[in-house]
């Protein structure tokens, strides 16, 4: 093992080519600054059958699959594992978790809004009949065109809550 530690700037200047060859890996880390690559003719990054080619008048991306802004979980999993299928699964799981959290965060408020709308816009009998129509038929609720965005079980609960307080239906 050979190591060189330098406490100041390093500049390599050549009038020809500069080639680095490593049997395994080359890493470049700018821990506190930027990373700049400047070329006059082209810049090429190539891995297997995928390539990114930058020319003065355009950029070429060639790959079986290209992902632009696929999500943090996708990107991190792809970097960690090199497995795009696993990255897609990780992103889908994270998206589902965020969607569930967003639903739960607003669930009570939306249930209350549906109850209030039922009280304001319906008679007790209309609400009862609608509730009976929906009972045991989640598919019908999916097509009900209710703006609450509630899931079937939560909507049924909102109807039940509204029906439990018939005094509020008296206008």
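Here residue 45 fulfils each of the conditions (1) free of Cβ contacts under 8 Å to residues at least 12 places away in the same chain; (2) over 30 Å from residue 89 (Cα atoms) apart from (2). Taking the condition buried (at least 17 other Cβ atoms within 10 Å of the Cβ), at pLDDT below 95 and either in contact with a helix residue (DSSP H, G or I) (Cβ under 6 Å, 6 or more places away or on another chain) or in a helix (DSSP H, G or I) (or both), does residue 117 pass? No, not satisfied. For the condition without any contact (Cβ under 8 Å) to a residue 12 or more places away in the chain and over 29 Å from the mean Cα position of the chain (by Cα), residue 108 does not qualify. Scanning the range 83-105 for residues that are outside any helix (DSSP H, G or I), under 30 Å from residue 43 (Cβ atoms) and modelled with pLDDT of 90 or more turns up at least one hit.
With respect to the conditions (1) part of a loop (DSSP other than H, G, I, E, B); (2) closer than 27 Å to residue 26 by Cβ, residue 61 lacks only one, and its number is (1). Apart from one condition, residue 78 fits all of (1) free of Cβ contacts under 8 Å to residues at least 12 places away in the same chain; (2) assigned to a loop (DSSP other than H, G, I, E, B); (3) touching a helix residue (DSSP H, G or I) at 6+ places or on another chain (Cβ under 7 Å); the exception is (2).
All told, residue 59 meets the bar of being exposed (fewer than 10 other Cβ atoms within 10 Å of the Cβ), touching a strand residue (DSSP E or B) at 6+ places or on another chain (Cβ under 9 Å) and without any contact (Cβ under 8 Å) to a residue 12 or more places away in the chain.
Let's see how each residue does on (1) under 30 Å from residue 85 (Cα atoms); (2) at pLDDT below 95; (3) touching a strand residue (DSSP E or B) at 6+ places or on another chain (Cβ under 9 Å):
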{"site": "2", "(1), (2), (3)": "no, yes, no"}
{"site": "6", "(1), (2), (3)": "no, yes, no"}
{"site": "9", "(1), (2), (3)": "no, yes, no"}
{"site": "16", "(1), (2), (3)": "no, yes, no"}
{"site": "23", "(1), (2), (3)": "yes, yes, no"}
{"site": "26", "(1), (2), (3)": "yes, yes, no"}
{"site": "36", "(1), (2), (3)": "no, yes, no"}
{"site": "39", "(1), (2), (3)": "no, yes, yes"}
{"site": "63", "(1), (2), (3)": "yes, no, yes"}
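For residue 100, indicate whether it is within 29 Å of residue 155 (Cβ to Cβ), without any contact (Cβ under 8 Å) to a residue 24 or more places away in the chain and loosely packed, with under 12 Cβ neighbours inside 10 Å. It is true that residue 100 is within 29 Å of residue 155 (Cβ to Cβ), without any contact (Cβ under 8 Å) to a residue 24 or more places away in the chain and loosely packed, with under 12 Cβ neighbours inside 10 Å.
On the given criteria, is residue 78 within 27 Å of the chain's Cα centre (by Cα), more than 30 Å from residue 150 (Cβ to Cβ), modelled with pLDDT of 95 or more and surrounded by 10 or more Cβ atoms within 10 Å (Cβ to Cβ)? Yes, satisfied. Close Cβ contacts (under 7 Å, 6 or more residues apart or on different chains) running from residues in the range 140-167 that are at positive phi and part of a helix (DSSP H, G or I) to residues that are at pLDDT 90 or above and surrounded by fewer than 14 Cβ atoms within 10 Å (Cβ to Cβ) are absent.
The values are calculated or read from the model by the stated rules, or taken from the named source; none is laboratory data. Quick caveat, the model's predicted, so the values are computed rather than measured. Neighbour counts are summed over all protein chains in view; Cβ atoms, including those assigned to glycine, are modelled from backbone coordinates with ideal geometry.
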